[in-house]
Each structure stands twice: as structure tokens, then as C-alpha cells.
1. Among all stretches of the chain without exposed GluC sites (Glu not before Pro) (DSSP loop, at most 16 other Cβ atoms within 10 Å), which one is longest?
2. May I ask for the distance between the Cα centers of segment 207-225 and segment 46-74, given as a whole number of Å?
3. Can you tell me the orientation of helix 169-186 relative to the chain, as the angle in degrees between its alpha-carbon axis and the longest Cα principal axis, to the nearest 10?
4. Residue by residue through segment 30-44, which ³J(HN,Hα) values in whole Hz follow from phi under the Karplus form 6.51 cos²θ - 1.76 cosθ + 1.60 (θ = phi - 60°), with glycine and proline marked x?
5. Once Lys and Arg get +1 and Asp and Glu get -1 on their Cβ, which of Gly64, Ala105, Leu8 lies farthest toward the positive end of the dipole of segment 7-118?
6. Within segment 49-91, report the trypsin sites (Lys or Arg not before Pro) that DSSP leaves as loop and that have at most 16 other Cβ atoms within 10 Å.
7. Dipole magnitude of segment 128-237 about its Cα centre, charges +1 at Lys/Arg Cβ and -1 at Asp/Glu Cβ only, in debye to the nearest 20?
8. To the nearest 20 debye, what is the magnitude of the charge dipole of the chain about its Cα centre, counting +1 on the Cβ of each Lys and Arg and -1 on the Cβ of each Asp and Glu?
Amino acid sequence: MPTGTLQLLVNLDRDELHSHPAAGDGHNGMQRTAGAALQGPFTTPTMIDTAEQRQIMWIAFRFGGSYPFFAADTAASHDLMIGLEDLWGRDGVTLREQLLEAPTAAAKLQLLQNALLARAVRPLDRDLAVVGAAAALHRGRTVAAVADSLGWTAKRLTRRFSEQIGLTPKRFARVRRFQRVLRRSASEVTSVDWARLAAECGFYDQAHLIHEFRAHAGTTPLEYSPRSPAELNHVPV
């Protein structure tokens, strides 16, 4: 399921990664890269081959956390898997080789951290205005209210937010609203009252919730069955 965040993925089992669009989501086919890639913030569900989860390292960036390390505009990464060699050149190729040679998990983590710090192209401090905007949208504030609270125009918010988060504020807000529904549904003791959750999470009505659920999950709320209570974004197919 989409979360609105970026990930750096390194497949240590074999030198390839795939992103399979979920059936019927309107995406333009499978994406394939070498074994190290940046996965942009997705807005649609994707299929994961479990064979690619045998031995994998990844960094799940916080809101805006990837921005210091990649010269390319983050806004260009949404709904894409980009090979690390396309972003870091030769360093993107050798990173996986170095991780394979590192003797322990701790050594691999240290190496990955050092690689990021060495490739930083911007200050490491996150833009607090953009981070605050992301947090407010995550909680359910409207785009207009967030822009007003910052004293920004909607155009300025969209430009700053998109280049650092990878999605427009509106798209990001939609994905995070969907994530609020998933978490609220997981906390229900008995059967989930989807009509009530729709109202509490900011949807117009239950039909609106079902439409958004299909767009982001590829299934309906009633068909949704996560792999485990701790893995709400993973549904076996």
C-alpha cells in the first residue's frame, strides 16, 4: 500500500529489483532496476515478489528525509523505482558490492549510513516548515489551512513540498488519510464500522471511502485483509 514516503532498497540476494503494478490500478507496467534503487512515494498499490524479500536492506525515510542525499528533484520520483546508478553514478553500483562484502549486519548498516553522508548534496537539517506541513496534513488539516498557517500561497507550498516530499500536498494528504483509515480499522475491537470511520477520517461518505480505498489498496474495505496486525500495508494475494 502507498505510504507517501520514499525508501532506499538494496537487494542482497540478487542484483535486481522489480515494481509490479497491482492489477487494474492503471499503472504503465512493471518497473525493473538493478539491485539498489530509490523507490519514490507511490500513490497506487504495488505487487512485491516475496523472492525479493529473502535478504534486503532498506531505509524508510521520514518526511523530507531523503532530500539531502539526492541531487535530482524528489518530485520526479513519485510512482517510480529509480536505479541508484542513475542517481549516484558508479557509487550507486559499488554500494551493493560493498554491502555484500561487509561481514556483519552492524557493518552493513554503518556502511550504508556512511554512503548516505558521503553523498549529501544539501544540508542535513530538514526544512522545518515543510516537515511541519507534512505532519499537519498527516493529521488531517486541509492544504489551504496549512498554507495559511505558514503564511504561504498554495503555489509556494506546492513547490516547496513537492521538491522535498515527492508528492503534491493534495496527493500526500490523500495517501495519509488512507493510512489513518488503516490504522483506525486495526484498532477496532470487533467488526469495523466503515461508515463511521469514513466520517471520522474526513471522507464525504462511505462511497467516497470505498473509491479511495480501491485507488490506494486495489481492493474494497470489506475485502481488505492485512498480512498481520503489524503489517497493515501488506496484503497477501
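Read the figures in this text as sums done on the coordinates, not as results from a lab. This one's a predicted model, so the numbers in the text were calculated from it and none came from an experiment. Neighbour counts run over all protein chains shown; Cβ positions are idealised from the backbone, glycine included.
1. Values: sites that count: Glu16, Glu188, Glu223.
The longest uninterrupted stretch comes out as 17-187.
2. 25
3. Computed tilt is about 80 degrees.
4. 6, 10, 9, 9, 5, x, 10, 7, 9, 9, x, x, 8, 10, 10
5. Ala105
6. Details: sites: Arg54, Arg62, Arg90; in loops: Arg54, Arg62.
Listed in order of number, the matching sites are Arg54, Arg62.
7. Details: 17 positive and 9 negative charges, 108 e Å.
Dipole size: approximately 520 debye.
8. Working: 27 positive and 24 negative charges, 167 e Å.
So the dipole magnitude of the chain works out to roughly 800 debye.
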